[in-house]
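Only the coordinates and a few stated rules stand behind these numbers; no lab work does. Every value quoted in this text rests on a predicted model; they were computed, and no experiment measured them. As a convention, Cβ positions derive from the backbone with ideal geometry for all residues, glycine included, and neighbour counts pool all protein chains shown.
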Ligand code: AMP
Ligand code: GLY
């Protein structure tokens, strides 16, 4: 089975690693990375160069194209490939608006009666400023369009909000600003596969969005994850499927843009039940690096079944274990970060049992017999370990992290902490 994988990060490394466990899979990645080059061919085509990706697919004639990141989805890559008769894992541009535009997503949620935070939308700074001056705090500011996890600011007071709207305005001209009610609770990432008809939930997971421990500091793309999330028991899973996932899938279908691919609901489990923070139109990063090592069912056949609208026949099976993923990032991230530092200890970490090191921002250089690895991104590595339970998985992941170093390497020390201790208090003094 020839699979074209679009993307280059740690999520794609995990997808590729799992896809390649099917011995029939031949992998071609674009633009790929040095990690992806060790699992198949790579073609240096950027994820936003839609016409070049379409030409590549036309030439390669893959049995399946798996689109990792949101940008090519929102730009309509899946639509163009489908119009060539190719099987694609990933939603159409219209369905991907559920991630691509927060205003679309919020309006959709209101139309379909989904539980979410109340909100107001502003088209200019002055109007937003007036609203913020009269508002009560905390509240949340969001940029409308894609912002790589950086378009959300949680504001404890007016001063932070006034700075926040200017930061959002700087993200792009004509950027609409959403002001949202702050939801208190426990955050969960809920993933479901759907072909527009059948829905199959994956294991639950929890991300760690901020750069520092105790959920402090600015938001990032995600600094660690674990799966399953003990908070999501059978009853809560049923509630999420019934009140959130099913209405989205049927709502998009009735609005003429059926969803096919992975639907990711970022949820806050509040005292009054689960509420939607955001939807994503793709696998989460780093949750995927924790989830896929637990999946027993063949991933290639599963994603092909989604693409060919045969999901109802698939039965997903999981390891009876826990997984923890610790992201190691470069000094400065999520702001401007250091690059091209020599990474040591990767081989040692990879030799540990039940341990996987996925590469998000790494460049492998081969000068002479032994390769060297260098940092080439904000998030550099996602170190995953499996364990009999969450504590065991977390311990093993941190042991592997301890093997690895480079100048300025940063990682959170509290991945899994909330589930293990249930006692972390909100005590950041930076907002
Ligand atoms: P989003 O990109 O919308 O998921 O927001 C990024 C992160 O900001 C989320 O993962 C939450 O941690 C936080 N967040 C977003 N919206 C809210 C909200 N209404 N209340 C509390 N926290 C939020
Ligand atoms: N883990 C957050 C995201 O993938 O958007």
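Choose one answer from 421, 208, 410: the residue with the largest mean-square fluctuation in a GNM of the chain with alpha-carbon springs under 10 Å. With Cα springs under 10 Å in the chain, the top fluctuation among 421, 208, 410 is at 421. At a Förster distance of 35 Å, what's the computed FRET efficiency of residue 169 paired with residue 46, Cβ-Cβ distance as r, to 0.05? Calculated transfer efficiency: 0.85.
On a C-alpha basis, how far is the centre of the range 275-348 from the centre of the range 188-262 in Å? Whole number, if you could? The range 275-348 and the range 188-262 have Cα centres spaced 13 Å from each other.
The value of relative contact order for the chain, using C-alpha pairs under 8 Å at least six residues apart, is 16 percent. A straight chain from residue 309 to residue 239 at 0.36 nm per residue would run longer than the Cα-Cα distance by 22.7 nm. With contacts taken as Cα pairs under 8 Å at a separation of at least 6 residues, the range 301-431 carries a relative contact order of 31 percent.
Reducing the range 1-75 and the range 99-139 to their Cα centroids gives an inter-centroid distance of 36 Å. Highest GNM mean-square fluctuation among 342, 356, 19, for the chain modelled with Cα contacts below 10 Å: 342. In plain terms, the chain from residue 370 to residue 250 could stretch by 37.9 nm, reckoned as 0.36 nm per residue minus the Cα-Cα distance. Using the rule -39500 (n - 2.57) for each DSSP H run of four or more residues, divided by the residues of the chain, the 222 nm mean residue ellipticity is -8500 deg cm²/dmol.
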